[in-house]
Amino acid sequence: MQRIVVLAGGIGGARFLRGLKAAAPEADITVIGNTGDDIHLFGLKVCPDLDTVMYTLGGGINEEQGWGRTDETFKVKEELAAYGVGPEWFGLGDRDFATHIVRSQMLAAGYPLSAVTEALCDRWQPGVRLIPMSDDRVETHVAVELDGEQKAIHFQEYWVRLRASVDALAVVPVGAEQAKPAPGVLEAIAEADVVLFPPSNPVVSVGTILAVPGIREAIADAGVPVVGLSPIVGDAPVRGMADKVLAAVGVESSAAAVAEHYGSGLLDGWLVDTVDKGAVEQVETAGIRCRAVPLMMTDLAATAEMARAALELAEEVRG
Ligand code: GDP
Ligand code: CA
């Protein structure tokens, strides 16, 4: 049985995983999820990326939005607002609240996040093993200049409240240096036949996972093909504001620049969209095998085709 490890953020990672499951139905898939986006709200621990993967693969996602639950209502949020209790800019629906209540209750009882995630997945049956990158608290902060003053704000405040409308001066995964990979993470990488980077945000999703000491090294040392898919198509993110956080780490918004940012020490293969076929040579010159294929996840069939192309490229670089 083929063992595949995927480092995933939220929407881009989750949608890709749906295609991967269709392309490789027999494979044993372990997903290492980003927890740098996690935030404490109303006394609850919210893990947006883990939940997006869990809901998407488990059939509970709001398809149009790409995050949150289907058939959602917002009564609790309205009641909180009536008390003047915010933040109002973060959308938490009633169904979604239940997930965060269960998670927070289990964490308070002493269970690590990895065990809590496994328990939540018992209900959703995502068909993959979903492990948070770490059980330790890591929180991505973004340095910005607001009203003439420099300050660091939580990633969600930058992304959701400000919609990345100001420049990100720096992106810091606070706590990452002291964090340990969650149980099972390094083992899954060591036993993998292939490691995939889906078209997730290279800085605040995949980059944050790689910032947990030991994970990058384990992937580089695993001796198996590592293949990524570009989240940048035609010099712009397909959705979201990834260009803002790429600029903060000095990386241009192009499919080739993202591949070079990961580097040939980590990445063996890279898929760019057909509109970026001009970038293939640059990526190959950097020592990374590169192919141009359609990379728009318009439907399940197109996404499964992307996953197939990634697995084929992995076999090619395996040699
Ligand atoms: P987030 O945590 O919800 O922001 O999700 P991820 O980090 O997993 O993915 C976000 C990235 O997915 C963005 O940078 C998008 O450019 C990328 N993305 C979304 N849809 C597509 C798609 O259809 N094709 C490609 N190539 N990238 C996509
Ligand atoms: Ca995210």
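Values computed for the structure shown
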| quantity | calculated |
| --- | --- |
| Antiparallel DSSP beta bridges within the chain, as percent of all bridges there, nearest 5 | 45 |
| Magnitude of the charge dipole, region 195-319, Cβ model with Lys/Arg +1 and Asp/Glu -1, debye to 20 | 220 |
| Heavy-atom accessible surface of the chain: percent carbon and sulfur, 1.4 Å | 50 |
| Gaussian network model of the chain, Cα within-10 Å springs - most flexible of 122, 243, 235 | 122 |
| Of 17, 159, 210, farthest towards positive along the dipole that unit charges on Lys, Arg, Asp, Glu beta carbons give the chain | 17 |
| Computed [θ] at 222 nm, helices only, for the chain once each DSSP H run of length n ≥ 4 contributes -39500 (n - 2.57) | -11000 deg cm²/dmol |
| Two-site label geometry, residue 299 and residue 286: point separation in nm, points 7 Å out along Cα→Cβ | 3.3 |
| Nearby aspartates and glutamates by direct alpha-carbon distance to residue 45 (threshold 18 angstrom, same-chain neighbours under 8 apart not counted) | 37, 88, 94, 96, 118, 135, 136, 139, 157 |
| Approximate spin-label separation residue 152-residue 41, in nm, with each point projected 7 Å along Cα-to-Cβ | 2.2 |
| Range in the chain, longest, excluding exposed trypsin sites (Lys or Arg not before Pro) [loop by DSSP; at most 16 other beta-carbon atoms within 10 Å] | 1-136 |
| Residues listed by number, region 194-229, amide nitrogen under 13 Å from residue 317 label point at 7 Å toward C-beta | 194-198, 219-229 |
| Net charge over other residues, Cβ less than 9 angstrom from the Cβ of residue 77 (K, R count +1; D, E count -1) | -3 |
| Gain in span if fully extended, residue 102 to residue 165, counting 0.36 nm per residue against the direct Cα distance | 19.3 nm |
| Kyte-Doolittle at least -0.5, axis length at least 24 Å by Cα - qualifying DSSP helices, the chain | 300-318 |
| Dipole in debye (nearest 20) - the chain, about Cα centre, beta carbon charges: Lys, Arg +1; Asp, Glu -1 | 420 |
| Gaussian network model of the chain, springs between alpha carbon atoms under 10 Å - residue of 164, 82, 179 with greatest fluctuation | 82 |
| Among 158, 83, 55, residue whose mean-square fluctuation peaks in a GNM of the chain (springs only between Cα atoms under 10 Å) | 83 |
| Proximal lysines relative to residue 151, as straight alpha-carbon distance under 20 Å, when same-chain residues fewer than 8 apart are discounted | 244 |
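The values are calculated or read from the model by the stated rules, or taken from the named source; none is laboratory data. These figures come from a predicted structure and were not determined experimentally. Quick reminder, even Gly has a Cβ in these numbers, built from the backbone with ideal geometry, and neighbours come from all protein chains shown. Protein only, heavy atoms only, side chains kept; ligands, DNA and RNA dropped before computing areas. Shrake-Rupley method; radii C 1.70, N 1.55, O 1.52, S 1.80 Å.
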